[in-house]
């Protein structure tokens, strides 16, 4: 493809992108294809000769689009949003065009220095103390893994990076039973093993039981094991519970244990001054992560990872063979040493575009709307016969159950809610996900999509109620 054809196709693609976003509500929210359906449409081998872009794009629309779940749809209320915005998309177009691999300062000085500044902006926006330094990771899972690596090296007095875990006392990680699965996964990758992950019970209102945590740490010390890290949650994936960060920070100080806070979704809400009281104690953590790609209009992937002492991480990850020596190393952070991959994308550019385009006040206004709509939805749920609000609004997340008959057994009521969820998602009208809460199946409802407005929430609730009423006469085992 020559440059002039590229120019023409780029105009065509940008027109398609704008039309897609403008008309996204015509698509079912969740892809409606069956497993293997897309695969059957794809040739089994690579073509020998090149094909025209017209043919390729026609196949994109015919073979790929039916298998896309539309995360930018305004009735996407599942998981947590991976919300985007036009300024972010435009920046990603520039990033792809530049094609820079930003592993070192000198491989693109602007990438390193813009990332440094953007992390300072974000740090200040969420109210972190000035001693924290940040970098952009691909996901909170990667950031949590890095925190675990730093914690292990600290707990072993540097032996972890040089000698590994063999021959030493087991290192132990503590998190709540409701923490994200990436915490245990990170412990496995780091070599701790699932057997050395303590999943601490939560109190009735949600959040890790601090007394149970301190007891578990004492028991491990008595058994000759070394407590290495506490991973706290600021907004669990299931129901948005918040661990008592101040209590956990006090325990971490007393016990000399590394404290990492996973705020992947809820951390973005800290740009709202009125929310920060929920995170009291965060300022005492050793590291913190949240994802602008979940709630700050910056498309995936963009995860903001902050460390009080980055040297604890670079002591594990920094290696500098001659071919990676950089002229900027004495003056600028070399972010290749702050993450597991050597290669790094120019992620700071889209964050810069978004923060400048919307401004702090524009982003705060959007998040406040999401919080307000979640409270209004909770009222609707409580006023609708047959439905139970199982967890109240936690920022922009709540959960509910359909419970029309008190005589139904727990198993039967769980099955009814599974059937309701399937009916909702199969309709294509909206997309929701479930979780387990206090031993019961509940349905999550999360408001955070860029293009969602209150009428989309109302439409979604009406569709939920209509689907539920259609299940009442079905036989539930």
(request) State whether the residues of segment 447-463 include one that is touching a residue at least 24 places away in the same chain (Cβ under 8 Å), farther than 27 Å from residue 27 by Cβ and touching a strand residue (DSSP E or B) at 6+ places or on another chain (Cβ under 6 Å). (result) no
(request) Could you pull out the residue among 306, 300, 346 that is in contact (Cβ under 8 Å) with a residue 40 or more places away in the chain and outside any loop (DSSP other than H, G, I, E, B)? (result) 306
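Residues checked against (1) over 22 Å from residue 162 (Cβ atoms); (2) touching a helix residue (DSSP H, G or I) at 6+ places or on another chain (Cβ under 9 Å); (3) surrounded by 19 or more Cβ atoms within 10 Å (Cβ to Cβ); (4) in the same structural domain as residue 139 (by TED's automatic domain parsing):
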site	(1), (2), (3), (4)
294	yes, yes, yes, yes
298	yes, yes, yes, yes
318	no, yes, no, yes
335	yes, yes, yes, yes
360	yes, yes, no, no
(message) Any residue at all in segment 253-267 that's touching a residue at least 60 places away in the same chain (Cβ under 8 Å) and either surrounded by fewer than 20 Cβ atoms within 10 Å (Cβ to Cβ) or assigned to a helix (DSSP H, G or I) (or both)?
(response) yes
(request) Among the candidates 410, 383, single out the residue that is at pLDDT below 95 and outside the structural domain of residue 313 (by TED's automatic domain parsing). (result) 410
(request) Check every one of the helices (runs of 4 or more DSSP H) wholly within segment 21-113 and list those with 2 or more residues that are surrounded by 14 or more Cβ atoms within 10 Å (Cβ to Cβ) and in contact (Cβ under 8 Å) with a residue 60 or more places away in the chain. (result) 86-98
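Of 219, 228, 212, which residue is surrounded by fewer than 18 Cβ atoms within 10 Å (Cβ to Cβ), at pLDDT 95 or above and either over 30 Å from residue 395 (Cα atoms) or not assigned by TED's automatic domain parsing to the domain that holds residue 254 (or both)? Break it down stepwise before answering.
Numbers: 228 fails: surrounded by fewer than 18 Cβ atoms within 10 Å (Cβ to Cβ); 212 fails: either over 30 Å from residue 395 (Cα atoms) or not assigned by TED's automatic domain parsing to the domain that holds residue 254 (or both).
Criteria check complete, one pass: 219.
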(message) With buried (at least 23 other Cβ atoms within 10 Å of the Cβ), without any contact (Cβ under 8 Å) to a residue 40 or more places away in the chain and not in a loop (DSSP other than H, G, I, E, B) as the only criterion, which of 143, 195, 187 stands out?
(response) 187
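The values are calculated or read from the model by the stated rules, or taken from the named source; none is laboratory data. Keep in mind that this is a model prediction, so the values were computed, not measured. For neighbour counting, all protein chains shown are included, and Cβ atoms are generated from backbone atoms with ideal geometry for every residue, glycine included.
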